[in-house]
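All remarks here apply to the structure that follows.
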Number of protein chains: 2
Amino acid sequence: MTKISGIGEKELVRYIIANSKEIIPDDTAIISLNDSNLISTCDMLIQSRHFPENMSYFDMGFKAVTVNVSDLAAMGSKPLGFLLSIALPKDLELDSFKEIINGVLKACDIYSIPLIGGDTNEASEIIISGTALGLCDKPLMKNSYKKDDLIAITGDIGLAALGFNLDIEDNIYTKKALKPRARIKEGEILKKYGATSATDITDGLASELYEIKQDGFGFMIHEDLIGISDEYKKIASNLNLNYLDLILHVGEDFELLFTISRENIEKLPIDYKVIGVVNDSDVIEITLENGLIEKIENKGYEHYVSE
Amino acid sequence: MTKISGIGEKELVRYIIANSKEIIPDDTAIISLNDSNLISTCDMLIQSRHFPENMSYFDMGFKAVTVNVSDLAAMGSKPLGFLLSIALPKDLELDSFKEIINGVLKACDIYSIPLIGGDTNEASEIIISGTALGLCDKPLMKNSYKKDDLIAITGDIGLAALGFNLDIEDNIYTKKALKPRARIKEGEILKKYGATSATDITDGLASELYEIKQDGFGFMIHEDLIGISDEYKKIASNLNLNYLDLILHVGEDFELLFTISRENIEKLPIDYKVIGVVNDSDVIEITLENGLIEKIENKGYEHYVSE
């Protein structure tokens with residue numbers, strides 16, 4: 001009999017979506033409410049799977065908010081409220097529990113999303129399930145781009161992927177791995193300034209590009225526009241890791257990947273990097289630094305974790 | 001150092017509430033939205049803790065919706081949408097996963113609450129976290145009762161508590177233990193017909209009475225009004241269990257406990273049982289069948305599980 005380990009997470013979610021008339025597969029759920037939309041999303045973090053060994057309790061709590069607020073950001077949504085459901089091992093120190101909650105509260109404060117509900121449970125490891133709610137009149141969908149739109153990102157990617165492989169604490173890579181930040185303000189600004197689509201990068205740029213791809217459309221990414229530092233390539237090489245694999249196929253960046261017309265990008269008042277363009281090639285490709293063009297494989301975090 | 005096992009779940013939740021300016025401790029969170037209110041609640045079910053050994057995968061999925069919709073019912077809220085976050089062991093059969101989802105979908109259909117979002121994860125046991133969203137213009141709060149209000153319940157209690165102790169499948173007790181139902185229609189009707197307060201009975205009647213108690217108010221419950229059958233007492237006695245302990249201190253009933261004026265109860269078009277009255281004694285008591293009056297102890301599911 002087939003075990004679920006033989007099926008990827010995306011396939012399992014597809015089963016759920018296929019059997020529910022109501023689910024529109026975008027970054028969040030959308031419910032029409034008067035002249036606006038209720039945006040809602042939930043994500044669960046499991047200690048053994050999502051929290052590196054050296055992650056503090058505070059950062060665990062903070063990240064649980066980040067991963068959910070990131071989905072609101074991808075819709076350009078205003079935050080409305082956050083609900084927390086947390087399961088804890090019974091031998092956890094009370095102070096550690098308080099640290100987790102402090103992390104949650106700090107993140108809610110930073111993202112201006114009120115913590116409106118909380119629930120605790122007991123389990124064999126720390127499990128934090130969060131639900132983020134938002135309001136948005138015209139949500140930014142994943143695949144509403146047009147041919148010739150520019151493809152851009154709100155910050156450097158691949159940093160966390162490298163950070164997961166490092167023992168030393170005090171560098172930008174480990175910091176990104178342990179303390180990712182949702183781009184909630186940027187998301188609202190993207191919507192306001194006419195971005196045509198957006199999603200957040202969690203499973204790696206390649207995975208997200210395949211998520212947003214539609215028939216008849218293709219993407220050309222340019223390696224030299226991604227801006228990978230010599231230091232990054234050197235550290236990856238020292239660890240016997242392929243730097244492009246880290247950049248494209250791991251994720252945990254929480255930057256926004258968005259598309260926008262050439263006219264509108266000029267007025268955009270946030271940090272961003274144009275990394276490519278939407279075309280009608282029907283394939284997803286990258287022009288490497290040496291000029292060669294390669295197809296980008298559809299491999300994301302799932303692939304990385306299982307190898 | 002103090003471990004969280006030394007602190008009850010209610011205390012942990014109190015820490016969260018005390019540190020968040022926004023949480024009103026009622027059955028759900030309430031956010032004012034235009035001329036209505038967004039009602040939201042989340043609850044997590046953990047296989048080793050919430051699913052009896054003999055519970056089917058279908059019933060696990062169904063219950064995950066029930067526990068959340070029950071909180072909407074307690075507010076008299078109209079259902080709006082349900083989000084599902086589920087973690088599964090990697091050696092789970094695919095068919096078992098599908099059964100869980102079928103249970104979720106069936107419950108969503110029965111409760112008229114659309115499944116609007118889904119997410120899957122991997123963990124060492126089945127963990128289902130659900131978020132239920134609702135809309136309600138005037139939510140039914142927990143403690144807005146008045147002196148002389150009648151106290152009532154929407155159905156028999158204690159059935160699941162007895163059912164957890166039985167091996168045989170085919171009886172009303174085991175059925176209630178494995179297949180509890182949320183009283184979502186009853187909740188909306190209670191609100192419409194002027195109930196003054198409501199909450200759902202999950203940790204046992206005693207626990208809920210203490211949850212809703214305010215200074216200056218007391219409750220007198222009458223054992224003979226609860227309507228405990230001879231069969232119930234006999235089965236409990238055969239198992240060496242105190243039947244009143246099961247009725248008051250275990251829970252998992254998902255019936256609504258509500259208060260209502262004597263005038264308004266006459267028009268109430270649902271099944272209910274009056275079990276007591278609100279007074280100003282400042283204590284919570286029960287008049288036993290033999291006429292003796294006892295204080296009801298504040299012991300709920302937590303107590304039951306730890307003994």
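The values are calculated or read from the model by the stated rules, or taken from the named source; none is laboratory data. All values derive from a computational prediction rather than experimental measurement. Here the Cβ positions follow ideal geometry from the backbone for every residue, glycine too, while neighbour counts run over all protein chains shown. Each accessible area value is taken on the protein alone, full model and side chains, heavy atoms only, with ligands, DNA and RNA left out. Shrake-Rupley method; radii C 1.70, N 1.55, O 1.52, S 1.80 Å.
If you go through the range A:78-90 and pick out every residue that is open to solvent by 10 Å² or more (accessible area, probe 1.4 Å) and more than 7 Å from chain B (Cβ to nearest Cβ), you end up with 3.
Evaluate the range A:137-156: report whether one residue or more is within 14 Å of chain B (Cβ to nearest Cβ), touching a strand residue (DSSP E or B) at 6+ places or on another chain (Cβ under 8 Å) and of a type outside the set (D, E, K, R).
yes
So how many residues does the range B:266-298 have that are open to solvent by less than 40 Å² (accessible area, probe 1.4 Å) and within 22 Å of the chain's Cα centre (by Cα)? Adding up the residues that qualify gives 9.
Scoring A:CYS42 on the criteria (1) buried (at least 23 other Cβ atoms within 10 Å of the Cβ); (2) at positive phi; (3) within 10 Å of chain B (Cβ to nearest Cβ) leaves a single failure, condition (2).
Yes or no, residue by residue, for (1) surrounded by fewer than 22 Cβ atoms within 10 Å (Cβ to Cβ); (2) touching a residue at least 24 places away in the same chain (Cβ under 8 Å); (3) more than 9 Å from chain B (Cβ to nearest Cβ):
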| site | (1), (2), (3) |
| --- | --- |
| A:PHE51 | yes, yes, yes |
| A:PHE58 | yes, yes, yes |
| A:ASN68 | no, yes, yes |
| A:GLY76 | no, yes, yes |
| A:LEU92 | yes, yes, no |
| A:PRO114 | yes, yes, no |
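Residues in the range B:8-22 that are of a type in the set (D, E, K, R) and either touching a residue at least 12 places away in the same chain (Cβ under 8 Å) or within 23 Å of A:ASP91 (Cα to Cα) (or both): 4 in all. The residues of the range A:220-243 that are open to solvent by less than 10 Å² (accessible area, probe 1.4 Å) and in contact with a Lys or Arg (Cβ under 8 Å, 6 or more places away or on another chain) amount to a single one, A:ILE226.
Here B:ILE110 clears all of (1) of a type in the set (A, V, I, L, M, F, W, C); (2) facing chain A (nearest Cβ under 7 Å); (3) open to solvent by 10 Å² or more (accessible area, probe 1.4 Å) except the condition numbered (2). Quick one: is B:ILE126 within 14 Å of another protein chain (Cβ to nearest Cβ), surrounded by fewer than 24 Cβ atoms within 10 Å (Cβ to Cβ) and in contact with a strand residue (DSSP E or B) (Cβ under 9 Å, 6 or more places away or on another chain)? Yes: the conditions hold for B:ILE126. Out of all the residues in the range B:42-69, which are in contact with a helix residue (DSSP H, G or I) (Cβ under 7 Å, 6 or more places away or on another chain) and in a helix (DSSP H, G or I)? Result: B:TYR57, B:PHE58, B:ASP59, B:MET60, B:GLY61, B:PHE62, B:ALA64, B:VAL65, B:THR66, B:VAL69.
Checked against (1) in contact (Cβ under 8 Å) with a residue 40 or more places away in the chain; (2) of a type in the set (S, T, N, Q); (3) open to solvent by 40 Å² or more (accessible area, probe 1.4 Å); (4) not in a loop (DSSP other than H, G, I, E, B), A:ASN37 meets all criteria but (3).
Checking the structure you have, find out if any residue of the range A:244-260 is small (Gly, Ala, Ser) and surrounded by fewer than 18 Cβ atoms within 10 Å (Cβ to Cβ). Walk me through how you get there before you give the answer.
Within the range A:244-260, the first condition is being small (Gly, Ala, Ser), and the residues that meet it are A:251.
Among the residues that remain, those that are also surrounded by fewer than 18 Cβ atoms within 10 Å (Cβ to Cβ) are: none.
No, every residue in the range A:244-260 fails to be small (Gly, Ala, Ser) and surrounded by fewer than 18 Cβ atoms within 10 Å (Cβ to Cβ).
Looking at the structure I just gave you, is A:ASN171 away from chain B (no Cβ under 14 Å), open to solvent by 30 Å² or more (accessible area, probe 1.4 Å) and touching a residue at least 40 places away in the same chain (Cβ under 8 Å)? It is false that A:ASN171 is away from chain B (no Cβ under 14 Å), open to solvent by 30 Å² or more (accessible area, probe 1.4 Å) and touching a residue at least 40 places away in the same chain (Cβ under 8 Å).
Out of B:SER112, B:SER56, I need the residue that is more than 27 Å from A:ASP26 (Cα to Cα) and within 22 Å of the chain's Cα centre (by Cα). Which one? Outline the logic, then answer.
Working: B:SER112 fails: more than 27 Å from A:ASP26 (Cα to Cα).
Within the list B:SER112, B:SER56, the selection yields B:SER56.
Looking only at residues in the range A:1-30 that are assigned to a helix (DSSP H, G or I) and in contact with a Ser or Thr (Cβ under 6 Å, 6 or more places away or on another chain), which one is least open to solvent (accessible area, probe 1.4 Å)? Even if it seems obvious, please write down each step before you answer.
Taking the range A:1-30 first, the residues assigned to a helix (DSSP H, G or I) are A:4-6, A:9-18.
In the following step, the residues that additionally are in contact with a Ser or Thr (Cβ under 6 Å, 6 or more places away or on another chain) were identified as A:9, A:12-13.
Details: A:GLU9: 48, A:LEU12: 8, A:VAL13: 31 Å².
Looking at residues that are assigned to a helix (DSSP H, G or I) and in contact with a Ser or Thr (Cβ under 6 Å, 6 or more places away or on another chain), I get A:LEU12.
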